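The values are calculated or read from the model by the stated rules, or taken from the named source; none is laboratory data. This structure is a prediction, so every number in the text was calculated from the model and none was measured. Because the Cβ atoms are built from the backbone with ideal geometry, glycine has one as well, and the counts that use them run over all protein chains shown. Remember, those area values only see protein heavy atoms, side chains included, never the ligands or the DNA or RNA. Shrake-Rupley method; radii C 1.70, N 1.55, O 1.52, S 1.80 Å.
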Amino acid sequence: MKFNFFHLMPWTDYPREPTEWPVSNKEFEPERGRQLYADYIDCMAYAEQCGFDGIGCNEHHFSPYGLMSNPNLIGAALVHRTKRVNLAMLGNLVPLLNPVRVAEEYSMLDVMSGGRVIAGMMRGIPHEYIAYNVPPSDSRERLREAVALILKAWTEPEPFGWEGQFYQFPSVSIWPRPYQKPHPRLLMSGTNEESVEFVAQHKAKLGIVLIADLALARANIDLYYKVARAHGWEPVPEDILIGHHTCIADSDEEAREHMRKALDYFHHILMRPQRSAQELVIKKTRYYQREGSSDKFQARLATLRARSLEEQIEAGSVYCGSPETVAAQMRRVHKALGHGTEQLTMKVGNMPDKVVRRGMELFRDRVQPALKDL
Amino acid sequence: MPFERQELNLPSGKLSYFVAGSGAPLLYLHPAGGFSVSKPLEALSERYKIFAPVTPGFDGTASHADVTSMEQLADLAARFAEHVIGKRCDVIGQSFGGWEALWLAVKHPGTIDHLVLEAPAGVPAGGKGGLPSDPAEARRKLFAYPDRAPPVTKPVEQLQGNRRMLDHYGAASLSDAVLPARVAAIAAPTLILMGTKDEIIPPETGRFLKEQIAGSHLAYVYDAAHVIQSDQPERYLRLVSAFLERGDAYIVNWGSSAASAIPGGTT
């Protein structure tokens, strides 16, 4: 089992429940922001010393949910703070961006890091389309064309032109090309049938986060294998990344106390303002093109929000407890899903950094050794 | 579609109004310059039936004896809407008319479906802005592109009379002592438009309203001074049409008309 340390870079001090998205930034304090970036980058780099195999970054816009509007900047900050770990860019929200720029920045990171980049090609969550004024109804086709263009930019040795539906570039020849040959491995999110098929068709790693139902996740993984085989390739367990909110403390009681507070902030402060904007996109556009996908998306978030911590642990949505408890929880989920990469989000909401760091050390000393056989 | 002038007899006096187009009703409240037809209004009349009452005392009309404040003017607009439109309608208030529209939304919320405020007066501006008394200076601040402004067809005396009516309604200072504390009650979906070059109503006004009116939207129209619909008619029409059609969901790009923000990309 490989382990990633994932960070959302949340703003931890938002004073009230925000109801509007985008969230007004008048509560942002620059000096507090500077300190958070410094602490978060230190913490992410520390993951290498705690035995993690990768560090995950991601992109979100316009709210205290995360301060990483461009994950590539954080990736660049981590390149020279780490030597061994993968830099999992999970990722750039490709349909919102200039694909040639994505190809260039991922290539820069890959070369600078000596080939440690995992290239996330994310479609993004619905409301992000408002941020960059891109039609959500085109998101899937934009992603498809953008990924094709990025792969071409990474692998085509001669300058080439691109005349597509969404993108037109008369002449492209990026410098640098990627360090990895032929290019960094792709990773895409797959939380419904529509997206899982897309991931497998692209021979990408499969990422699943915020699991509400282990059986549903298992069904998506089975579909991933099935579609991959139909496209002539065989995924390995390491290609399947499952993300979990995680709190590891010295005792079960301590972990649960921290996690309850952190999840409360996560769901009621950080996630709250996105709901109305997501509904606008989901109900008013063809973001989800397959019937039922939008209902499932909203139902999954509502389910997670409504469940008690104990119910979330039981459902395999979060890991929480002493090192031995968490190792047992991970073993149970692994038995259900058979995945080979586990991604831990330990900075959940406003979880104190000292709790996060203690959890990382307990992971290194008592969780990872207990799972050597996986 | 041409605007036709009509009259309504109300207990307070005769009220002139212009009407054009067909479709859902749209109440347009004019600025301190009086009523004039702009390209966006003409375009909107293809999808909306526009009703534009002439503020008593403006454009050569008689004032109403018991209508002497912006608040009373909004009451009059509500009576007009009740008599002539007869149902909830969208409202566009421009500058002075935006002030009136704010009072209308505060006191008669049942009148308004969607509310568009174009550089509205009447609320705090941080001590900035204001309408110069010198006509040439005022015109310079009204329009970033005077060549795009509608031709001046009104007699000078009528324009001077319009200006005097600001005093009649207690509006010469462009600020209202009472209204700012009331706007937080506005519940209608609201779009606040501000020109990036507006020196008459500064950004502080837009920020104040955005902060006070829950769920409202603030949009800056680039390269427009105070009369946005004259300086940037296409941008104005794009925003207002989308908002009137989709309400709060106008912020989601439907891919039909809005240009992509992506270099090298198209929608």
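If R0 is 30 Å, what FRET efficiency do you get for B:Lys128 and A:Ala302 from their C-beta distance, rounded to 0.05?
0.05
Any idea how far the Cα center of the stretch B:158-193 sits from the one of the stretch A:233-276, in Å?
51
Run the reach check for A:Lys83 against aspartates and glutamates, Cα to Cα strictly under 16 Å, same-chain hits fewer than 8 apart removed. What comes back?
Candidates past the 8-residue exclusion: A:Asp42, A:Glu48, A:Asp53, A:Asp110.
For chain A, what is the relative contact order in percent, using Cα pairs closer than 8 Å and at least 6 residues apart in sequence?
This gives 21 percent for chain A.
Taking chain A as the reference, fit the longest principal axis to its C-alpha atoms, fit the long axis of helix A:293-306 to the helix C-alpha atoms, and give the angle between the two in degrees, 0 to 90, nearest 10.
20
Could you tell me which residue out of A:Ser171, A:Ala306, A:Pro71 lies farthest along the dipole of the stretch A:2-371 toward its positive end? Charges go on the beta carbon: Lys and Arg +1, Asp and Glu -1, centred on the Cα centre.
Toward the positive end, the furthest listed residue is A:Ser171.
Assign unit charges at the C-beta atoms only (+1 for Lys and Arg, -1 for Asp and Glu), then state the dipole size of the stretch B:118-267 relative to its Cα centre in Debye, rounded to the nearest 20.
It comes to approximately 20 debye.
Within the stretch A:189-230, which trypsin sites (Lys or Arg not before Pro) sit in a loop by DSSP and count at most 15 neighbouring Cβ atoms inside 10 Å?
For trypsin sites (Lys or Arg not before Pro) across the stretch A:189-230 that sit outside H, G, I, E and B with at most 15 neighbouring Cβ atoms in 10 Å, the list reads A:Lys203.
R0 = 25 Å: FRET efficiency of A:Arg366 with A:Glu31, Cβ-based, nearest 0.05?
0.10
Once you sort the root eigenvalues of the Cα gyration tensor of the stretch A:73-190 as a ≥ b ≥ c, which label holds: rounded (a/c under 1.5), prolate (a/b larger than b/c) or oblate (the other case)?
Since a/c reaches 1.5 but b/c is at least a/b, the shape of the stretch A:73-190 is classed as oblate.
Given springs between every Cα pair under 10 Å in a Gaussian network model of chain B, which of B:Asp223, B:Asp90, B:Asp147 has the largest fluctuation?
Of B:Asp223, B:Asp90, B:Asp147, the Gaussian network model singles out B:Asp147 as fluctuating most.
Just flag the trypsin sites (Lys or Arg not before Pro) in the stretch A:12-70 sitting in loop per DSSP whose Cβ has no more than 10 other Cβ atoms within 10 Å.
Of the trypsin sites (Lys or Arg not before Pro), the ones in loops of the stretch A:12-70 whose Cβ has at most 10 other Cβ atoms within 10 Å are A:Arg16.
If you place +1 on the Cβ of every Lys and Arg and -1 on the Cβ of every Asp and Glu, how big does the dipole about the Cα centre of the stretch B:88-148 come out, in debye to the nearest 20?
120
How large are Rg and Dmax for chain B when calculated on the C-alpha trace, in angstrom?
That works out to 17.4, 61 Å for Rg and Dmax.
Take the alpha carbon gyration tensor of the stretch A:1-107, find the square roots of its eigenvalues, order them as a ≥ b ≥ c, and report rounded if a/c is under 1.5; if not, report prolate when a/b exceeds b/c, else oblate.
The shape class here is oblate.
Rank B:Pro189, B:Pro40, B:Pro135 by mean-square fluctuation in a GNM of chain B with C-alpha springs under 10 angstrom and give only the top-ranked residue.
Most flexible of the set in this elastic network: B:Pro135.
Suppose accessible area is computed on protein heavy atoms with a 1.4 Å probe; arrange A:Glu104, A:Glu31 from highest to lowest.
Ranked list, largest accessible area first: A:Glu31, A:Glu104.
With +1 on the Cβ of every Lys and Arg and -1 on the Cβ of every Asp and Glu, and nothing else charged, how large is the dipole of the stretch A:2-371 about its Cα centre, in debye rounded to the nearest 20?
In total the dipole reaches around 380 debye.
Where in the stretch A:186-206 does the label zone of A:Thr155 land, with the point 7 angstrom along Cα→C-beta and an amide N cut-off under 13 Å?
It comes to A:186, A:202-204, nothing else.
For chain A, what is the Kirkwood estimate of the hydrodynamic radius, computed as the reciprocal of the mean inverse distance between distinct Cα atoms, to one decimal in Å?
20.9
Mind pulling the angle between the C-alpha long axis of helix A:30-49 and the longest principal axis of chain A? Nearest 10 degrees, somewhere in 0 to 90.
Approximately 90 degrees, to the nearest 10.
Leaving out ligands, DNA and RNA, what percent of the accessible area of the stretch A:2-371 is carbon and sulfur, probe 1.4 Å?
51
Could you work out how far helix A:99-112 tilts from the main Cα principal axis of chain A, as a 0 to 90 degree angle to the nearest 10?
60
Which percent of Cα-Cα pairs in the protein assembly as shown sits in each 20 Å bin, short to long?
18, 42, 27, 12, 1
Could I have the simple spin-label model distance between A:Glu141 and B:Val156, label points 7 Å from Cα toward Cβ, reported in nm to one decimal?
In this crude label model, A:Glu141 to B:Val156 measures out at 6.0 nm.
Tell me: how much accessible area in total is hidden between A and B, 1.4 Å probe, Å², nearest 100?
1600
Longer than 21 Å from Cα to Cα, which of A:Lys205/A:Lys335; A:Lys203/A:Lys296; A:Lys152/A:Lys181; A:Lys261/B:Lys210; B:Lys128/B:Lys197; A:Lys152/A:Lys203 are they? Say none if no pair is.
A:Lys203/A:Lys296; A:Lys261/B:Lys210
May I ask you to find the residues of the stretch A:113-135 that are shielded by at least 10 Å² of accessible area once the whole protein assembly is considered instead of their isolated chain (probe 1.4 Å)?
Listed by number, the residues meeting the 10 Å² cut-off are A:Ile130, A:Tyr132, A:Asn133, A:Val134, A:Pro135.
With point charges of +1 on the Cβ of Lys and Arg and -1 on the Cβ of Asp and Glu, referenced to the Cα centre of the stretch A:146-294, which listed residue (A:Met188, A:His202, A:Pro157) lies farthest in the positive direction of the dipole?
The residue sitting farthest along the positive end of the dipole is A:Pro157.
Let me know the volume per residue of the alpha-carbon convex hull for the stretch A:168-218, in Å³.
About 133 Å³ per residue, rounded to a whole number.
So what is the accessible area of chain A per residue, in Å², with the probe set to 1.4 Å?
With the other protein chains kept in place, chain A gives 40 Å² per residue.
In 10 Å bins starting at 0, how do the alpha-carbon pair distances of the stretch B:75-189 split up by percent?
Calculated over all Cα pairs of the stretch B:75-189, the distribution is 12, 39, 33, 16, 0 percent.
Suppose the chain between A:Arg229 and A:His267 were pulled fully straight at 0.36 nm per residue; how much longer would it get relative to their current alpha carbon spacing?
In short, 9.9 nm is gained.
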